[in-house]
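Since the structure comes first, as structure tokens, the remarks are kept for the end.
The values are calculated or read from the model by the stated rules, or taken from the named source; none is laboratory data. Just so we're clear, the structure is a prediction, and the values are computed from it rather than from any experiment. Note that each Cβ is placed from the backbone with ideal geometry, even for glycine, and that neighbours are counted across all protein chains shown. Accessible surface areas use protein heavy atoms only, side chains included; no ligands, DNA or RNA. Shrake-Rupley method; radii C 1.70, N 1.55, O 1.52, S 1.80 Å.
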Amino acid sequence: MKKDKQIMTIVEGQAIVKEAQRLLTASSRRRFLRNGLTLGGIAMLTGCDLSGNANVEQALSRISRLNDRVQGWLFNGDRLAPVYPESMITRPFPFNAFYAEEDAPDINGDDYRLEVAGLVQDKRAWSLPQLHRMAQVSQVTRHICVEGWSAIGKWGGVPFANFLKVIGADLSARYVSFKCADDYYTSIDMATALHPQTIIALTYDGQTLPRKYGYPMKLRMPTKLGYKNPKHIQVIEVTNRFPGGYWEDQGYNWFGGS
Ligand SMILES: Nc1nc2c(c(=O)[nH]1)N[C@H]1C(S)=C(S)[C@@H](COP(=O)(O)O)O[C@H]1N2
Ligand SMILES: [Mo]
């Protein structure tokens, strides 16, 4: 190998390791992986030859899927995310979506039906009053967005595990996927779906969930990063087929734990 080529490879290599480390920074539980990373290690882990951009992307995407599996193993279904006093609620709570606030979907709650699909016994759609008649809980938790902000908010609604049991979902299925009114979509692992702090949120700060925060309902999970918390949900599907997600399909880590 010529000297120039060697230097370039080293520089590219450092960039690859940096990129891989960036992908792995979301959780301190992954520190052991992050700190131990070398170029050779990445090549070995992924079986990818790291010459050329396509291969780098393939290697990183394999690392991201490996990272999903590690996060899945490490996830403890009983460990609760921190909760905060109401005095610590961030006001105003930030809005975020892949579009501006005024473009948030405007949904008529009277006509709204939540569709249920896939590996469930009862596929009847749900109206909002039906969801409100189930036992309600509330939480004051921190929402962390990968775009560089976090905020504490209060959400109320139905524990998702109760909902899944009521519809006769196959709780041994791998994924639950969400389709939203604004073309957003995402999906989660079953362990997180059943976590006690995962709720179908119908209220924000004691009021009906405002349009910008996901009316008529969103899934709230303090154990997952912001982009995993779908707003304006229209369809919930229980499935064993990997469903991906809007940002996940563009390279965000799928497990997305926080
Ligand atoms: N339907 C839908 N859900 C979504 C998004 C979106 O664009 N559309 N953005 C996600 C991201 S990246 C974040 S940080 C949170 C923001 O939620 P908030 O507006 O309640 O703060 O919503 C998540 N869920
Ligand atoms: Mo986000």
Looking at the range 61-117, which of its residues are hydroxyl-bearing (Ser, Thr, Tyr), closer than 29 Å to Val238 by Cβ and within 16 Å of ligand 2 (Cβ to nearest atom)?
Tyr99
If we keep only residues of the range 204-238 that are farther than 10 Å from Phe178 by Cα, more than 16 Å from ligand 2 (Cβ to nearest atom) and assigned to a strand (DSSP E or B), then the residue least open to solvent (accessible area, probe 1.4 Å) is Tyr204
If a residue must be at pLDDT 95 or above, small (Gly, Ala, Ser) and within 16 Å of ligand 2 (Cβ to nearest atom), how many such residues does the range 124-170 contain?
3
Phe242 is checked against (1) in contact with a helix residue (DSSP H, G or I) (Cβ under 9 Å, 6 or more places away or on another chain); (2) surrounded by fewer than 23 Cβ atoms within 10 Å (Cβ to Cβ); (3) of a type in the set (Phe, Trp, Tyr) and fails just one. What number does that condition carry?
(1)
From the options Leu50, Leu45, Leu80, residue that is touching a helix residue (DSSP H, G or I) at 6+ places or on another chain (Cβ under 9 Å), open to solvent by 80 Å² or more (accessible area, probe 1.4 Å) and modelled with pLDDT of 75 or more:
Leu45
Hey, any hits in the range 119-129 for a residue that's part of a strand (DSSP E or B) and out of contact with any Lys or Arg (no Cβ under 9 Å at 6 or more places or on another chain)?
yes
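Each row is one residue, and each column tells you yes or no for (1) among the small types (Gly, Ala, Ser); (2) open to solvent by 20 Å² or more (accessible area, probe 1.4 Å).
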residue	(1), (2)
Lys123	no, yes
Val140	no, no
Gly148	yes, yes
Ala151	yes, no
